[in-house]
Amino acid sequence: MANILTAIKIIINNPITDLVNFYKSQSQNKINSVGDSLEYFIKDIFADTLSENDLNEKNKKYSEVFSYIGNLNNPPDIILQNSDAIEVKKIESLTADIALNSSYPKSKLYADNPMLTKACRECESWQEKDIIYAIGVSKNSKLKILWLIYGDCYAADKEIYERITNTISYGIKQIKDVEFSKTRELGRVNKVDPLGITYLRIRGMWGINNPTSVYDYIFQRQETSNLQIVALMRKEKYLSFPQTHIHELENLTEKNLNIRDVNIKDPNNPAKLIAAKMINYYR
C-alpha cells in the first residue's frame, strides 16, 4: 500500500528538481508551471509512476492507488485508497507563508466538511482521515524543499478555527435591514443598494506560517543542497506503517538521510510536547 514512507524512498531514488522540464519530456506539454508539475510529482511519488511515460498506464495506476483526485477549489487534492489525504501547496520563497484561501488548516480531514465535494465524501466509506500537507518550495523554477507534514503536527483541532468563523458569521448576520443568503463562505449579503441589484460576498482568506519558521527549533536548512525533503509526523503514526516499509527506508545507505525522534509543540497547547519523527534528506 502506498504511503509517505514509500513516497520518500521513491524521491531518494529519483531526486528530480527540475519538475517542469521533467514532465515536458514525458510528453505532458501542458505542464508549464512549477505548481502544476508539483501536483503531478506528488501523485507520481505516491503511485510509483515517475518512470511511466504512457499516460493511459499512468492513469490506470492512479485509479488503483487513489480513491479521489480533486481540483483547485475543493480540498483535498488527493486521497490514497483507504488511507491518508494529501493537500499540495507551492510557494516560491524559503520564508513565504502558505495561502490556504477559504479553507482553514486541518489537523484531520472530516467527511462532513462542507467544503468537500460529493465525489470526495463518497469516494470511500469514511468519516475521518489523516492529512498530509505537501509544501513545495521552488526557486528559479526548481524544487528546493519539499515538506511532507501531517496536519495533526501543524494545525489545531477544527473547533479552534470554526469558533472564529462562526463568531464572524453570527456577527455579520446581526446587521439590520439586510438580506442574507445561505452560503459556504462567511456570509453573503443581498440587495445592498436601493435597486436590490448589488450583493456582497464575505470570504475568509486563511494562511499559515511557513514550516521553516514554525519548526525552527528542530529544522536546519541545508543551504548548499539542490533538494531537501523534510517529513514530520507523530511517532505513533510512523510506527503504524508496515514494518517492511519502515525497515526499507531506515536501511537505505544514503549518507544524507536522517530519521530521528523529536519533540514538537502541540498545536492545541504549546506547553505540551508531542513525540514525533522527522525524516530529513538532502542532496
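Only the coordinates and a few stated rules stand behind these numbers; no lab work does. None of these values were measured; they are calculated from a predicted model. Every residue, glycine as well, gets a Cβ built from its backbone with ideal geometry; the counts of neighbours run over all protein chains shown.
Go from 0 up to the bin containing the longest alpha carbon distance in the stretch 133-180, width 10 Å each, and give me the % of pairs per bin.
Taking all Cα pairs of the stretch 133-180, the binned fractions are 21, 24, 21, 20, 12, 1 percent.
What list do you get for Thr212, Thr165 if you sort them by fewest beta carbons within 10 Å? Don't skip to the answer; put the middle values down first.
Details: Thr212 20, Thr165 16.
By the 10 Å Cβ count, ascending: Thr165, Thr212.
Subtract the Cα-Cα distance of Ile202 and Leu273 from 0.36 nm times their separation in residues, and report this length gain in nm to one decimal.
Working: separation 71, 0.36 × 71 = 25.56 nm, distance 3.67 nm.
Length difference between fully extended and current span is 21.9 nm.
So if I place +1 on the C-beta of Lys and Arg and -1 on the C-beta of Asp and Glu, and nothing else carries charge, what would the dipole magnitude of the chain be about its Cα centre? I want it in debye, nearest 20. Walk me through the numbers before you get to the answer.
Numbers: 37 positive and 35 negative charges, 112 e Å.
Computed charge dipole of the chain: roughly 540 debye.
Using the beta-carbon distance between Ser141 and Glu250 and R0 = 30 Å, what value does 1/(1 + (r/R0)^6) give for FRET efficiency, to the nearest 0.05?
Values: r = 33 Å, r/R0 = 1.10.
E(calc), rounded to 0.05, equals 0.35.
Please report, for the Cα atoms of the stretch 82-222, the Rg to one decimal and the Dmax as a whole number; what are they, in angstrom?
Cα radius of gyration and Dmax of the stretch 82-222 are 18.6, 60 Å respectively.
Per-residue ellipticity at 222 nm for the chain, helices alone: DSSP H runs ≥ 4 residues times -39500 (n - 2.57), over residue total, nearest 500 deg cm²/dmol? Please list the in-between numbers first.
Numbers: 10 runs with 84 residues, N = 283.
Taken over the chain, the calculation gives -8000 deg cm²/dmol.
Ranking Asp261, Asp44, Asp157 by Cβ neighbours within 10 Å, fewest first, what do you get? If you can, show how the numbers build up before the last one.
Details: Asp261 10, Asp44 25, Asp157 13.
Ascending Cβ contact count within 10 Å gives the list Asp261, Asp157, Asp44.
Using only Cα atoms, find the angle between the long axis of helix 55-65 and the longest principal axis of the chain, and express it within 0 to 90 degrees, rounded to the nearest 10.
With both axes taken from Cα atoms, the answer is about 80 degrees.
Would you mind checking which residues have amide H under 5 Å from Val262's amide H? H placed 1.01 Å from N; only 5 or more apart, or other chain.
Long-range HN contacts for Val262: Ala276, Lys277, Met278.
Counting pairs of alpha carbon atoms under 8 Å apart in space and at least six apart in sequence, what relative contact order in percent does the stretch 81-179 give? Display every interim value, and only then the final one.
On the way: 124 pairs, mean separation 31.6, N = 99.
Relative contact order of the stretch 81-179: 32 percent.
Go through Gln243, Gly196, Ser93 and say which Cα lies farthest out towards the positive end of the charge dipole of the chain; charges sit on Cβ, +1 for Lys and Arg, -1 for Asp and Glu.
Gly196
I'm checking a number: the convex hull volume of the Cα atoms of the chain, normalised per residue, in Å³. What is it? Write down the numbers at each step before the final one.
Details: hull volume 44.1 nm³, N = 283.
With only Cα atoms used, the chain gives 156 Å³ per residue.
Just rank Tyr23, Tyr161, fewest to most, by other beta-carbon atoms within 10 angstrom.
Lowest to highest Cβ neighbour count: Tyr161, Tyr23.
Using Cα pairs closer than 8 Å and at least 6 residues apart in sequence, work out the relative contact order for the chain, in percent. Intermediate results must be reported in sequence, preceding the final value.
Working: 482 pairs, mean separation 47.2, N = 283.
It rounds to 17 percent for the chain.
Any idea what diffusion coefficient the stretch 155-283 gets from Stokes-Einstein, in µm²/s, Kirkwood Rh on alpha carbon pairs, 10 °C, 1.306 mPa s?
Details: Rh = 19.0 Å.
It diffuses with D of about 83 µm²/s by this estimate.
Considering the stretch 120-160, what Rg and Dmax in Å follow from its alpha-carbon atoms?
14.5, 42
How much of the calculated P(r) for the stretch 130-211 lies past 19 Å, in percent of all Cα pairs? Numbers along the way, then the final one.
On the way: 1922 of 3321 pairs.
That fraction is 58 percent.
How much of the pair distance distribution for the stretch 216-271 lies past 17 Å, counting alpha-carbon pairs only, in percent?
On the way: 801 of 1540 pairs.
Across the stretch 216-271, Cα pairs with separations above 17 Å total 52 percent.
Counting residues in the stretch 37-150 as N, plug N into 2.2 N^0.38 Å and put the Cα Rg over that result. Display every interim value, and only then the final one.
Numbers: Rg = 14.3 Å, N = 114, 2.2 N^0.38 = 13.3 Å.
Rounded to two decimals, the normalised Rg is 1.08.
Provide the percentage of antiparallel DSSP beta bridges, counting only those with both residues in the chain; round to the nearest 5. Can you show the working numbers first?
Details: 42 of 54 bridges.
Around 80 percent of the beta bridges assigned by DSSP in the chain are antiparallel ones.
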